[in-house]
Number of protein chains: 2
Amino acid sequence: MTAARFESIMELPLFAEMTEESFDILTRGAFVQNFPPNMVMISEGEPADFLHIVQSGCVELFSTWSNRETSVTTLYENSTFILAATMKDRMNLMSARTLQKSRIIMIPSENVREVFATDTEFALAIVDELSRCYRATIRNMKNLKLRTSIERLANYILKQHHRQGDVLAYQLPIEKRILASYLGMTPENLSRAFNNLKPYGVSVDGQTITITDLDTLVVFAKPDVLID
Amino acid sequence: MTAARFESIMELPLFAEMTEESFDILTRGAFVQNFPPNMVMISEGEPADFLHIVQSGCVELFSTWSNRETSVTTLYENSTFILAATMKDRMNLMSARTLQKSRIIMIPSENVREVFATDTEFALAIVDELSRCYRATIRNMKNLKLRTSIERLANYILKQHHRQGDVLAYQLPIEKRILASYLGMTPENLSRAFNNLKPYGVSVDGQTITITDLDTLVVFAKPDVLID
DNA sequence: CGGGCTGCTTGACATTTATCAAGCAGTTCT
DNA sequence: AGAACTGCTTGATAAATGTCAAGCAGCCCG
C-alpha cells in the first residue's frame, strides 16, 4: 500500500508507468522533508544517497571552485535531481540550495537501482529522464560558448515568455543575482544588459519583465531550437 | 553468428555483458564506414538514426549558431556518440566531423532501443554510459563558468599529462585551433595563454608540451576532482 | 620543385565583462 | 518604529578576451 505522502509523484512521467509493487519498493524508506529558504541540502563531493524530487518550492543547483560560485540550474515543482550520480553511485558534482521554503521527497538510491533492474517501464523512464537532463546541459553549454551575455539574456527572456504562456509581461521566477549567475555574468552586468535590451523591445520594473516589441527582440536574439 | 567486423566492440563496457543473441539483434543492419579526414558525418538538427562508435581515428563534436562555431568534445577509439538522441529518438544537438581518417561503426537506433527493453545488462550499461557522458558535460560546464581561460588551459595540460601516463613531455592529441575552440577561446588567445604559463612550468614546441615544473603548475591550476 | 594553402604566433587595438565603490529602495529584525 | 541588512543600479576603472593584420614555417598539390 502506497504511503499517501508520495501520491503526488505517482503521476510524474518517471513513475507513471511502473507497477504498483515497484512503486512500493521504490518508496520503501523514502521520506518527505521540509526545508526553509536558503538552506544547502546537498553538497558537491558528497555521496549520492538519495534521488531527490521537488514536491513544492524552488531549488538551485550550484557549484564552487577556488572561492568562486556559479548557478547551474533552478528546479521547480515536480523536478528530479541527482539522477546521474544516483545511477552511477558516485559523488555529487553539484550542491543544492533551497531558494524558497521547499518540500522535497528523498528516495534511497539503492531502491532506484533495484527497481531499475526489475521494472522495464521504470528503466525506460529513467533513460528518458537522463537523456533529457543531459541534452538540456548540452544546450546550456552551447548557449554559454556560442553567445555573448546579452544574447543569452535576450534568449532567456524569450524562453520565459514561452514558459509563462506567451504573455508579454511576466514575473522573473528567481532573483536577478541568481539569474546573472546562471547566465554566466555578474549582477552589475545583468543590470546593464537589461538596459541595453531596451531598444530591442524589453522593459524591466523590478521582477516584472515586459516585452514591448516581440518581433524586434526575436530578430536580435535569434532563438534556435537546438539551443533554447 | 556475429559478423567479424563488429568483434572489436564486443568487449567494450557497453556491450560486454549482454547476451550473444542480443548482440546479434543489435548489430543486425549495422555497418562499418570509413571516412576521410575533415568530413562532416552528422549535422545538428538531423534525426538520430544511428548510434555511432569510433573503431579507429578521431572525431570532433561541434555546434554552430549565427555563423559562430564551437568544439564540444573530441572522441577517440572506442568512444560512442549520439547516445542520448538515440535513446530519446530526437534530433542531434551536435554535429560530428572526422579530424583524421576514421572507421565508424553505425548501429540502427531502433535496434538499440529494442535491445534496451529486453536485455537488462545492456540497459544497465546504457544508463551507465549516459550518466558518464552527462556528468562529463557538467564538469565541462563548471570548467567554463568557474575558471578563466588560462586556468582552463593549465588544467587541460595537467589532465593530458595524466591521460598520457604521467609523462612530463607529450604530444597534443589535436590541433591547437580545435583545442582553443574546445576551451572556449580564440587561437590567438590560446597562443598567448601558453606563453603566459611559461613561468608556471609549461614549455611548448609545436605539438609537444613539456611540463618543466609540475608542482608550480599544480599550485597555479588547482585541479579539482569535481571538475577535471 | 615551386606556388599556394593552412596553422600558428605576435602586435596593435577594440570590445566585453569584471571589480570596486556608492547610493537607493525594500525587507527584516529588534 | 528605527536600525541593519540585502538586492539592485549606476559610475568609474581594470582585466580578460576578441578582432584584425602581418609574417613565418611547414605541408600539399600540380
Completion exercise
Going residue by residue through segment B:39-50, the Karplus relation 6.51 cos²θ - 1.76 cosθ + 1.60 with θ = phi - 60° gives ³J(HN,Hα) values, rounded to whole Hz and with x marking Gly or Pro, of 10, 7, 9, 9, 10, 4, x, 7, x, 8, 7, 9
Practice task
Between the label point of A:Pro47 and that of the same position in each other copy, find the distances and list them shortest first in nm, with every label point placed 7 Å from Cα along the Cα-to-C-beta direction.
Solution key: 4.5
Handout entry: segment A:141-182, accessible area per residue, ligands and nucleic acids excluded (1.4 Å, Å²)
Key = 40 Å²
Exercise for the section: If a/c stays under 1.5 just call it rounded; otherwise compare a/b with b/c (prolate if a/b is bigger, oblate if not). Do that for segment A:76-125, with a ≥ b ≥ c from the square roots of the Cα gyration tensor eigenvalues. Expected result: prolate
Problem - Accessible-area composition of chain A, carbon plus sulfur, in percent [1.4 Å probe] - result: 48 percent
Exercise for the section: Using amide H atoms built 1.01 Å from N in the peptide plane, name the residues 5+ places from A:Ile42, or on other chains, whose amide H lies under 5 Å from its own. Expected result: A:Ala96
Handout entry: GNM flexibility winner over chain B from B:Asp215, B:Asp89, B:Asp205 (Cα, springs under 10 Å)
Key = B:Asp205
Completion exercise
Site B:Glu77, offset 7 angstrom along Cα→Cβ, radius 16 Å on amide nitrogen, limited to segment B:47-62, gives B:53-59
Practice task
Multiply the residue gap between A:Ser203 and A:Glu69 by 0.36 nm, knock off their C-alpha separation, and tell me the result in nm, one decimal place.
Solution key: 45.4 nm
Problem - Angle in degrees between helix B:109-118 and the longest Cα principal axis of chain B, rounded to the nearest 10 - result: 70 degrees
Exercise for the section: Name the long-range amide H neighbours of A:Ser102: under 5 Å, sequence gap of 5 or more, or other chain; modelled H, no Pro or chain starts. Expected result: A:Phe35
Practice task
Please work out the C-alpha center-to-center distance from segment B:152-228 to segment A:104-154 and express it in whole Å.
Solution key: 31 Å
Practice task
Would you calculate a helix-derived [θ] at 222 nm for chain A, using -39,500 (n - 2.57) for each DSSP H run of n ≥ 4 and dividing by the full residue count, to the nearest 500?
Solution key: -12500 deg cm²/dmol
Completion exercise
Under 5 Å from the placed amide H of A:Asp228, counting only residues 5+ away or on other chains, we find none
Practice task
Classify segment B:132-228 as rounded, prolate or oblate from the Cα gyration tensor: take a ≥ b ≥ c as the square roots of its eigenvalues, call it rounded if a/c is under 1.5, otherwise prolate when a/b beats b/c and oblate if not.
Solution key: rounded
Fill in the blank from the handout: Under the Karplus relation with 6.51, -1.76 and 1.60 and θ = phi - 60°, whole-Hz ³J(HN,Hα) for segment A:9-22, x at Gly and Pro, equal 9, 4, 9, 5, x, 5, 10, 5, 9, 6, 6, 5, 4, 4
Exercise for the section: Taking each label point as 7 Å beyond Cα in the direction of the beta carbon, state the distances from A:Val167 to the same residue in the other copies, shortest first, in nm. Expected result: 6.2
Handout entry: Kirkwood Rh in Å, taken over all unlike Cα pairs in segment B:4-144
Key = 15.5 Å
Problem - Pairs of lysine residues in chain A - Cα separation under 20 Å, sequence separation of 8 or more or cross-chain - result: 10
Completion exercise
For segment B:65-79, Karplus-derived ³J(HN,Hα) couplings (6.51, -1.76, 1.60; θ = phi - 60°; whole Hz; x for glycine and proline) come out as 7, 6, 6, 10, 9, 9, 8, 8, 6, 10, 10, 10, 3, 6, 8
Handout entry: At 7 Å out from Cα toward Cβ: B:Gln207 inter-copy label distances (nm, ascending)
Key = 5.6
Handout entry: Evaluated over the protein assembly as shown, the Cα radius of gyration and Dmax, each in Å
Key = 23.0, 68
Problem - segment B:4-144 - charge dipole about Cα centre, Lys and Arg +1 at Cβ, Asp and Glu -1, debye rounded to 20 - result: 780 debye
Exercise for the section: Using a Förster distance of 45 angstrom, determine the FRET efficiency expected from the C-beta separation of A:Glu20 and A:Ala169, and round it to 0.05. Expected result: 0.50
Fill in the blank from the handout: Taking N as the residue count of segment A:1-63, its alpha carbon Rg divided by 2.2 N^0.38 Å gives 1.27
Practice task
With an 8 Å cut-off on Cα pairs and a minimum separation of 6 or more residues, tell me the relative contact order of chain B in percent.
Solution key: 20 percent
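The values are calculated or read from the model by the stated rules, or taken from the named source; none is laboratory data. Bear in mind that the values here come from a model prediction, so they are computed numbers and not experimental data. Cβ coordinates were reconstructed from backbone atoms using ideal geometry, including for glycine residues, and neighbour counts include every protein chain displayed. Accessible surface is based on the protein model in full, side chains and every heavy atom, while ligands, DNA and RNA are left aside. Shrake-Rupley method; radii C 1.70, N 1.55, O 1.52, S 1.80 Å.
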